[in-house]
1. Kindly check whether there is at least one residue in segment 16-29 that is farther than 18 Å from Gly125 by Cα, free of Cβ contacts under 8 Å to residues at least 40 places away in the same chain and open to solvent by 30 Å² or more (accessible area, probe 1.4 Å).
2. Restricting attention to segment 1-24, which residues are hydrophobic (A, V, I, L, M, F, W, C) and assigned to a strand (DSSP E or B)?
3. When segment 88-124 is examined, which residues are found to be of a type outside the set (A, V, I, L, M, F, W, C) and under 14 Å from the mean Cα position of the chain (by Cα)?
4. Please enumerate the residues belonging to segment 119-134 that are among the hydroxyl-bearing types (Ser, Thr, Tyr), closer than 22 Å to Ser79 by Cα and part of a loop (DSSP other than H, G, I, E, B).
5. Within segment 69-118, can you find the residues that are open to solvent by less than 90 Å² (accessible area, probe 1.4 Å), under 20 Å from His13 (Cβ atoms), in a helix (DSSP H, G or I) and in contact (Cβ under 8 Å) with a residue 24 or more places away in the chain?
6. Just one of (1) touching a residue at least 12 places away in the same chain (Cβ under 8 Å); (2) closer than 28 Å to Asp89 by Cβ; (3) open to solvent by 20 Å² or more (accessible area, probe 1.4 Å); (4) not charged (D, E, K, R) trips up Ser48, so point out which.
7. Please state which of the following conditions Ser65 fails to meet, knowing it meets all the rest: (1) in contact with a helix residue (DSSP H, G or I) (Cβ under 8 Å, 6 or more places away or on another chain); (2) surrounded by fewer than 18 Cβ atoms within 10 Å (Cβ to Cβ); (3) touching a residue at least 12 places away in the same chain (Cβ under 8 Å).
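The values are calculated or read from the model by the stated rules, or taken from the named source; none is laboratory data. None of the values given here were measured: they were computed from a predicted structure. FYI the Cβ positions are ideal-geometry reconstructions off the backbone, even for glycines, and counts take in every protein chain you see. These area figures cover heavy atoms from the full protein model, side chains too; ligands, DNA and RNA do not enter into them. Shrake-Rupley method; radii C 1.70, N 1.55, O 1.52, S 1.80 Å.
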Amino acid sequence: MNLTLSHTFVNVHDVDLALAFYRDILELDVHTDVTMEDLRWVTLSPRSQPGLEIGLMNPHAGPGSPDADAVLALTMKGSMNGLIFASSDLDGDFEKIRAAGAEVLQEPVEQPYGVRDCAFRDPSGNMIRLSQPTR
């Protein structure tokens, strides 16, 4: 097999709030922003990976799910998986995100597995980590 990751998704409670965070603070490029009936399809891409789309999904959108409230509650508690971005300027990127008002979970620290990293939450509670190799 020759597989390439093309899409990944994060659950959000408010697409507009999440869009502003990922676009304006993390500086991801908007790839798609369309509304189809009651579903808004929004994806963003890191400039260095235009072929990778990160979808902002509200579990209540579209056909919805009977579990949407539970999914959002777990997301907002920070219990769901988040995203890890590689950074070439961990300290500078961290300071920019902190100055924008993101909830900081961990300031930059060297990890025993060969990276310095930090962590914060997006507006929906998803954990976002930035990582920079130390080797």
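1. Checking segment 16-29: at least one residue is farther than 18 Å from Gly125 by Cα, free of Cβ contacts under 8 Å to residues at least 40 places away in the same chain and open to solvent by 30 Å² or more (accessible area, probe 1.4 Å).
2. If the condition is that a residue be hydrophobic (A, V, I, L, M, F, W, C) and assigned to a strand (DSSP E or B), then Phe9, Val10 are the ones that fit.
3. Answer for segment 88-124, where residues must be of a type outside the set (A, V, I, L, M, F, W, C) and under 14 Å from the mean Cα position of the chain (by Cα): Glu103, Arg121, Asp122, Pro123, Ser124.
4. Ser124, the sole residue that qualifies.
5. Val71, Leu72, Thr75, Ile97
6. (1)
7. Checking Ser65 against (1) in contact with a helix residue (DSSP H, G or I) (Cβ under 8 Å, 6 or more places away or on another chain); (2) surrounded by fewer than 18 Cβ atoms within 10 Å (Cβ to Cβ); (3) touching a residue at least 12 places away in the same chain (Cβ under 8 Å), the one that fails is (3).
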